[in-house]
Amino acid sequence: RQPSDRIAVIAIDDQSIANLGRWPWSRDIHAQLIDQLAAAKARTIVHTAFFFEPQVDRGLSYIRKMKAVLASTADPAGATSAANEQLAGVIAEAEVALDTDGQLADSLRKADNVILPSFYTLGEPQGKPDAPLPAFALNSALNDPAGYSVAALRGQQPIESLGLAAAGVGHLNLLQDVDGAIRQEPLLVNYYGQAVPSVALLAAAKSLNLGSADIQL
């Protein structure tokens, strides 16, 4: 079938890597991409890169130590020198520039239409989960006590600051055929009674002004 002209795929391909540098890219680049898509009035943005771990610049901790030292040596009377004010401004600017997770979370929050992926290890669970789904993942999930969806043992989620800023979090589990091709995906993954929609299903729902509560099993 002819693909819909309402869908645009922005690929992380060889040309992109040649232009922007090797993968993985800094999170501020992802933030810039989302800002551009939001400015272009994209209805729904589905970001398929995983953000399971924080991206911490080694210089950020030192900047924050400098900030604390500067604050502790301030004049109790509230008077500050012009040099100290200038230094405080530079430190604040550096803190924002080095906190790339914060920049990405800010872009997600402003766009308010970005779906982020999670990933699950599929299989029949035994006992209780190692950890419950975080609140931001539960916002997109459905109750599935009957086990209609594909069962999962454990999952990996975006870091909390990004998950809370996203418009939804869906799974990005694909089912590979014996020839290596991917022709299908589970629309729902069951994590101990909670059915987590795929990013594709969430994207379809959001594009139709529907929420996860409108999805019926």
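What to note about this one:
- Matching residues, segment 128-158, being within 13 Å of G193 (Cβ to Cβ) and open to solvent by 60 Å² or more (accessible area, probe 1.4 Å): K128, P132, L138, N143, P145, A146, Y148
- Which numbered condition L202 fails, given (1) in contact with a Phe, Trp or Tyr (Cβ under 9 Å, 6 or more places away or on another chain); (2) buried (at least 21 other Cβ atoms within 10 Å of the Cβ): (1)
- Of the residues making up segment 27-45, those that are in contact (Cβ under 8 Å) with a residue 40 or more places away in the chain and of a type in the set (A, V, I, L, M) are A31, I34, L37, A38, A42, I45.
- Filter result for L142 (without any contact (Cβ under 8 Å) to a residue 40 or more places away in the chain and touching a Pro at 6+ places or on another chain (Cβ under 8 Å)): no
- Restricting the first member to segment 104-131 and to residues that are more than 24 Å from V150 (Cα to Cα), and the second to residues that are assigned to a strand (DSSP E or B) and open to solvent by less than 60 Å² (accessible area, probe 1.4 Å), the beta-carbon pairs closer than 6 Å and six or more apart or on different chains are L108/V114; N113/I45; V114/I45.
- Selection within segment 159-188: residues that are touching a residue at least 24 places away in the same chain (Cβ under 8 Å) and open to solvent by 40 Å² or more (accessible area, probe 1.4 Å). The member of this set that is farthest from L217 (Cα to Cα) is S161.
- Residue list for segment 205-217, restricted to those being crowded, with 19+ Cβ neighbours inside 10 Å, in contact (Cβ under 8 Å) with a residue 40 or more places away in the chain and not polar (S, T, N, Q): K206
- Cβ pairs under 8 Å, 6+ apart, first in segment 1-18 and within 16 Å of I34 (Cβ to Cβ), second open to solvent by 100 Å² or more (accessible area, probe 1.4 Å): I12/W23
The values are calculated or read from the model by the stated rules, or taken from the named source; none is laboratory data. Here the structure is a predicted model, which means the values were calculated and not measured. Cβ: placed from backbone, ideal geometry, glycine included. Neighbour counts: every protein chain shown. Only protein heavy atoms, including side chains, enter the accessible area calculation; ligands, DNA and RNA are left aside. Shrake-Rupley method; radii C 1.70, N 1.55, O 1.52, S 1.80 Å.
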